[in-house]
Amino acid sequence: MISFRPLRAEDAEAVARIERESFPTPWSREDFWREASNDFACYIVALEDAEIIGFGGCWISFEEAQVTNIALTSAQRGRGLGRLLMTRLMCAAAERGAERMTLEVRPSNTPALRLYEGLGFAAIGVRRKYYQDNGEDAILMWHTKLKDFADERCSAETDARD
Ligand SMILES: CC(C)(COP(=O)(O)OP(=O)(O)OC[C@H]1O[C@@H](n2cnc3c(N)ncnc32)[C@H](O)[C@@H]1OP(=O)(O)O)[C@@H](O)C(=O)NCCC(=O)NCCS
């Protein structure tokens, strides 16, 4: 069974493992351990039964949420779980008062681009040579109607609290 809950400090190792599997310049276990107690951070983990299979997070400053990372284990990708996880993250950010959400994504990352576009994010610009590993540009995306999204899509069932 798939479930979601907020990140806990003891999840740091499992989440860092997924991060290493997903990104060329991964955050460390210590980074996630710190994020678990960062008052400005909002992280959700996805579980299949008791095993962590994905996570997503953002930093919230007043009405703005900035997505830091979202990833699933490679075995779990392409089954619609990214959409569920991102929806949970958007709901959790809206519940914490965020009205807008922003993120960067590689132009080559088709699944991520389709995920964000499908949830109402729009590309508003490009950050030239943003990614240090290969000098790839980043597409800058914003969702400016997080409250409307939450009214339509977030319910008691999608409440991110455990
Ligand atoms: C990005 C990620 C979280 C998306 O989660 P996912 O579960 O794989 O995606 P979903 O199954 O929910 O699909 C989301 C959209 O991408 C599309 N998609 C999924 N896999 C795809 C693929 N391999 N090629 C093309 N499109 C794909 C889906 O069709 C869907 O689009 P649609 O609604 O228009 O049909 C996941 O692929 C991942 O962990 N990737 C590695 C880490 C990463 O790149 N994170 C994002 C950094 S910006």
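The values are calculated or read from the model by the stated rules, or taken from the named source; none is laboratory data. Since this is a predicted model, take the numbers as computed values, not measurements. Glycine gets a Cβ as well: all are built from the backbone with ideal geometry, and neighbour counts include every protein chain shown. In case anyone asks, the SASA skips ligands and DNA or RNA and just uses the protein heavy atoms, side chains included. Shrake-Rupley method; radii C 1.70, N 1.55, O 1.52, S 1.80 Å.
Divide by every residue of the chain the summed helix terms, -39500 (n - 2.57) for each DSSP H run of at least 4, and state the resulting mean residue ellipticity at 222 nm, rounded to the nearest 500 deg cm²/dmol. Display every interim value, and only then the final one.
Working: 5 runs with 50 residues, N = 162.
After summing the helix terms and dividing by residue count, I get -9000 deg cm²/dmol.
Roll a 1.4 Å probe over the protein chains and send me the accessible area per residue for the chain in Å². Mind showing how you got there, number by number?
Details: 8870 Å² over 162 residues.
Accessible area per residue, the chain: 55 Å².
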extent check for the chain: Cα max minus min per principal axis, descending, whole Å, gives 39, 34, 31
Sorted by number, the cysteines in the chain with no other cysteine beta-carbon under 4.7 Å are Cys42, Cys58
Hey, any idea what % of the range 2-158's accessible area is carbon plus sulfur with a 1.4 Å probe?
49
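Grab the beta carbon distance between Ile2 and Thr25, set R0 = 30 Å, and tell me the FRET efficiency rounded to 0.05. All intermediate terms of the calculation are to be shown ahead of the outcome.
Numbers: r = 28 Å, r/R0 = 0.95.
Approximately 0.60, to the nearest 0.05.
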